[in-house]
Amino acid sequence: MSVVYALKRLVIVGLVLLTGQAMAFEKSSSLIFSEDRSQIISANFDAGSVSILDRASGSLLKEARIGRDIRRIALSIDQDNKNAFRILATDYLADQLILLDGRSLNVIKRIDVPSRPFGAVYDQRNNQFYVTSFEQDKLLVVNVEGKITSELKTASTPRGLALTKDSRLLVTHALSGEVSVYDVATSEPRLQRIIQLVDTPFHPKQTTPQGKPRLLDNIVISPDGNTAWLPHVLWSFGHDFQFQSTVFPTVSIIDLEVGNEHERVTARKQLFKQINVVENGNKTRIVSNPHDVTFTADGKKVLVTLAGSEDLMVFDLSRGQGRKGNKKRHRRKKFHGGAKVTQIYRNVPGNNPKGIISTGRDVFVQNAMTLDLVKFDAGKPGPFSKIKLAEAHFASLVAEDPLSPQMRLGKTLFNNANEADYPGLSMAGDFWMSCNSCHLDGFNFTNRQLMADGKKNRFENAITGHVDTHKMIAGDPITAYLDIIQKTQGGMMDVALDQPPLEAIKMMSALNEYVRAPENLPYLSTWLRLDDDQRYTHPEEWVNSAKCADCHTTIYDQWADSNHGMNMDHPFYRFQEDIAAKEEGEAFRTLCRGCHAPQAIINNKPEVFSEFGDMYEKNGHSLKTALEQHRPVNERGTGCLFCHRITKAENSGGNTDLTVNLKDRPAYVFEDSANPVMEWLADRQINAQPKAHRDSYSNPELYQSSLYCATCHNEFTTGMGANINDNFGEWLASPFNRPDDAQQHKTCIDCHMTEDATHFNSVAGQSTNDGPVKPNLRSHHFVGGNYYFTGMRNSEHKKLSIDILKTALTLDVEKQGRKFIVKVTNKNSGHHMPGGARRQVWLEVIATDAQGAVVYQSGVMNQGVIPADARRFIKIGVDKDGVPVGLRFWRYVKIGLDTRIPSGETRQETFDLPEGVQYPLTVSTRVLYQVFAKKLTDQVRAAFPDENIPEPEVIELIRRTAVFEAQ
Amino acid sequence: MSVPMTDVNHEGALKERLYKRWFGLAFRHTQAEKLMYVMFISGLFLWEPLQLAWSLDRWLLLMHMLVGASVFTLVVGAFWSSHRRLIVNAKRPFLRQTGTVIEWLLLLCTLSGFYLFFFGVTGNNLSLVIQDVHFYSSMVLAPLVFRHAFRWSVLNIKQIVMKRRKVKVKA
């Protein structure tokens, strides 16, 4: 193997020499030197700028504000003109790459890319850049002119990049703990292998490092090219969710032997082992959030920034024993993990040290929050020299911080685990973890990985996040944050929750400001986002859905009477929302309104609903009236503009995790005018050239994805992360999720947006008046299991609803002796049956003897109530003591019972028939369905005595009658 | 009922003046020609493959529609009604033939334009056909008008240069 390896190396080195290009290792970084190392170029994160600094003096030579959140930069060199170079910057929040002139920082080109571009690296041999699209799992190849030449699907969450001298591109996958190796000898990258970093095994002792490798932001190749160093953390949710057992700092080592790239598992640097610098008092110095790495000029020392605890960690390679060392010289029985940390420079000046570069003895550390550079002296070569601070504030990266002081403080706190920063009010206990250790880059799609990794046996513990959040955060965010910091991060331990000091309140208010940033949770309880600089809109900025009826009459009519229409704030909903507000605080209403009344949230109408909500209103009458009166409305339900201006579904677990955009809607001249003549003229323009109108309201790729519907049909508890409803996950696991089999594959809209609710065939129709007849019109009936409300308004809707319900299940019965066996199969539903939390599905069995007398019965309703011993298909959430949480469903801790039928599966129920009855025995078996239980209906009636609330009808889904001649 | 002589004379004079004016419209009507080119160019920029910025596109669309339905119809309509007799009686077959084709194209383009204005392209087959008629008729119409009126065209560079020289000589 070693001969082959040596030969391979020789060939590669030869090739490199032949090309005449002296290539260095390239890594994706937020801080780089200019070609001649006289300048430092910095990507300034949320300042949205790129800066050029003089390396000798630290003076800010140039700064260009180019975007929102510049994460990484890469430098391309023009081989013909060494003075000409270009910078490619990734704008993480704006979903753009920006190509800049390296000298002037003038923008040459902006390139829209799949969401969350992060890493960037330049490949000199192919004269092209590689960029990772973190959220869309893509590797982009971009030429120096700024054109995307290739787009490759990768393993999930690609983030960091590094390029070896022999043209291998290393891609880290931040949330799956993988490293992909691509061959980039040619301009088209080819995947060679994916290395899965091992999970450090579970250990009963909570403080022992364990868990899954996560947050792999950077990867750096050692000067000898043999290894790659990968700072990251381990997420461990096996123990209680708290600071000493959840996140562990780690540096993994990848062996870069050509064709045999693998993790050197035993060389992994872990806390208390290789990271074990003992402080006074014989206590190991705890560090958090390893971020970036650099090697000193002699290649003997490895410096790692620790973004959470704000330290600089030094590994001395000359003291470590590599596996490839001379084994004959030093015989050792056991490998002890190689190089160890010899120094931790505690409390790097500034906040949130991230980027790091070095040249000679100069080491520069980039602070992402204070937006400055710290200069260190790496010391003379040799094992005993220590790294020393040369200049605490060597340079400012920006002329002015664009963030408000409040937002900056909030963001700093979110990333902070340095106990020394806020004495007595520290964000973390003993430097262990910051909010960002788990909530990578805030509150976004990375949440789904937290929930996936935190998943346990839900019958024992369904919570994946914080335990018992105070007032569900929204009801009292200040206390809730303090509570979380105490319980989870071990900080603020001296703060009394009922009477926090003013300084702590100020800090938490700032933290809340960041949590409510546009890219996070602007409305706190819901994950709904508005793509705009402003948090709220005015009702006049919305288009009344009734206006769409002018040209899309059929679609409007279908929608208006559907369960997605204006009546989503019916009394049952209001009853439940009022309970939520009473229990947790008024602001908690937003959790519900994210899906039931998103316009009310975005228009900042937090008050209790007092208008609309008429369950019987047909055809959106109130909307039409408002339109005639030119009165803006806060529509209930998911109206036309809302659904058709959703630009992104995030897949962070549900709770309205979507983004709606109103501002970029291409409006025709006079389109929003209230003047009838102008309106008429605008309509003429739309009709004359409808493409802009059509394109701005249509996103077929998104609509076809079940994820679109999952944004509302998946729910989890805020802060605690317990899954309430998982229709999307159920569908993913169902036989209908077969993307490779077009016949079998069905997404949400294939069943719920067709008028053929029995066979789910395509039904032709016109979505536009006088428009083309589409072979498969997506019906806006949104047919589902709630026949109750739609039935009040429209018999066609009710019929469709009952039709789809009746297709869901199959029923088989058999008798073995006295045992009567019922098998119910969820054959046609792409999610569990029932899909909704309030739906009642149960078995009714009635046996009559030869005389027609009832000799046995089960599940027979008594005065509208399902008997307690009925065989029900139901999920019951309970608290930690096992008591059903009922209407306080967001407070459930574990699942007490789940007898729902997963898609494609069969549930078997056995009944004991009585002895001594006169045969033949006729057994009638029915699966019955009721949208709401009588108890709930009665409660809603009591809460709204003026409303006419009928008894929900019981629907027979399927029936089998069998006659048994003898026992 | 008797009519005062003065009024009769006045009415006759007005008619005559109007006739002369209308008669004069038939010859080298630069406004009509310019309008036709403006409509052609603005329509061309509305063509999808050209992908004009929406901020411009929306105003261009409105202008194209309003001008087409008002000024263009009036000015070119008046010119055409006057110019017809020249087309019919033209001695040169070329002018007669191209004039006749232009007449039909103008009719097609204008009527289809009105259809698009009032009914639009809702996506049904008729609207799609009419959209094509409008597009292709204009594509032929504009160059044909230029060729037909080449000698007197506002786009004839030779004419423009000569006109400028004359102005200079006068000065």
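No value in this document is a laboratory result; all are computed from the given coordinates. Values in this document were obtained by computation on a predicted structure and should not be read as measured data. Please note: Cβ atoms are built from the backbone with ideal geometry, for glycine as well, and neighbour counts cover all protein chains shown.
Here are the numbers for this structure:
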| item | result |
| --- | --- |
| Residues A:S673, A:S767 arranged by fewest to most Cβ contacts within 10 Å | A:S673, A:S767 |
| Net +/- balance of residues flanking A:H291 in space, Cβ distance below 15 Å, scoring K and R +1, D and E -1 | +2 |
| Residue-averaged 222 nm ellipticity for chain B, from DSSP H runs of 4+ at -39500 (n - 2.57), nearest 500 | -27500 deg cm²/dmol |
| Distant-in-sequence amide H partners of A:H552 (H built 1.01 Å from N, under 5 Å) | A:N769 |
| C-alpha center-to-center spacing [segment B:57-104, segment A:238-286] in angstrom | 82 Å |
| Net lengthening on full extension, A:D298/A:V677 (0.36 nm per residue, minus Cα-Cα) | 128.7 nm |
| Between 0 and 90°, nearest 10: helix A:571-584 axis offset from chain A longest Cα axis | 40 degrees |
| Peptide-level mean, for B:115-124, of C-beta atoms on other protein chains within 10 Å | 6 |
| Exercise: per-residue mean of other protein chain Cβ atoms within 10 Å, A:665-672 | 3 |
| Within-11-Å neighbourhood charge of A:T899 [Cβ basis; K, R +1; D, E -1] | +3 |
| Separation of alpha-carbon centers, segment A:544-565 and segment A:609-624, rounded to whole Å | 13 Å |
| Number of Lys pairs (Cα under 25 Å; 8 or more positions apart or on different chains) in chain B | 10 |
| Cα→Cβ-extended label distance, 7 Å offset, between A:K934 and A:H621, nm | 3.2 nm |
| 0 to 90° range, to nearest 10: angle between helix B:93-118 axis and chain B longest Cα axis | 60 degrees |
| For A:S404, A:S396, A:S30, order by how many other beta-carbon atoms lie within 10 Å, fewest first | A:S404, A:S396, A:S30 |
| Alpha carbon centroid spacing (whole Å) that separates segment A:835-859 from segment A:397-473 | 51 Å |
| Net dipole in debye of the protein assembly as shown [+1 Lys, Arg Cβ; -1 Asp, Glu Cβ; about Cα centre; nearest 20] | 4500 debye |
| Point-charge dipole on Cβ atoms (K/R +1, D/E -1) for segment A:340-389, about Cα centre, debye to 20 | 220 debye |
| For B:L155, net neighbour charge (Lys/Arg +1, Asp/Glu -1) across residues whose Cβ lies under 11 Å away | +2 |
| Angle between chain B longest axis and helix B:54-69 axis [Cα atoms, degrees, rounded to 10] | 40 degrees |
| About the Cα centre, charge dipole magnitude for chain B (Lys/Arg +1, Asp/Glu -1 at Cβ), debye | 1400 debye |
| Percent RCO, i.e. relative contact order, over chain A, from Cα pairs under 8 Å lying at least 6 residues apart | 6 percent |
| Using θ = phi - 60° and Karplus 6.51 cos²θ - 1.76 cosθ + 1.60, couplings along segment A:447-456 (whole Hz; Gly, Pro as x) | 4, 5, 6, 4, 5, 6, 6, x, 5, 10 |
| Partner chain coverage, peptide A:675-683 - average Cβ within 10 angstrom | 1 |
| Amide H within-cut-off set for A:I958, under 5 Å, with H built and near neighbours excluded | A:V927 |
| Exposure proxy order (Cβ contacts within 10 Å, fewest to most) of A:M861, A:M433, A:M792 | A:M861, A:M792, A:M433 |
| Other-chain or far-sequence residues with amide H under 5 Å of A:T647's (modelled H) | A:T659, A:V660, A:N661 |
| Order by protection proxy (mean Cβ within 10 Å, highest first), peptides A:888-900, A:292-304 | A:292-304, A:888-900 |
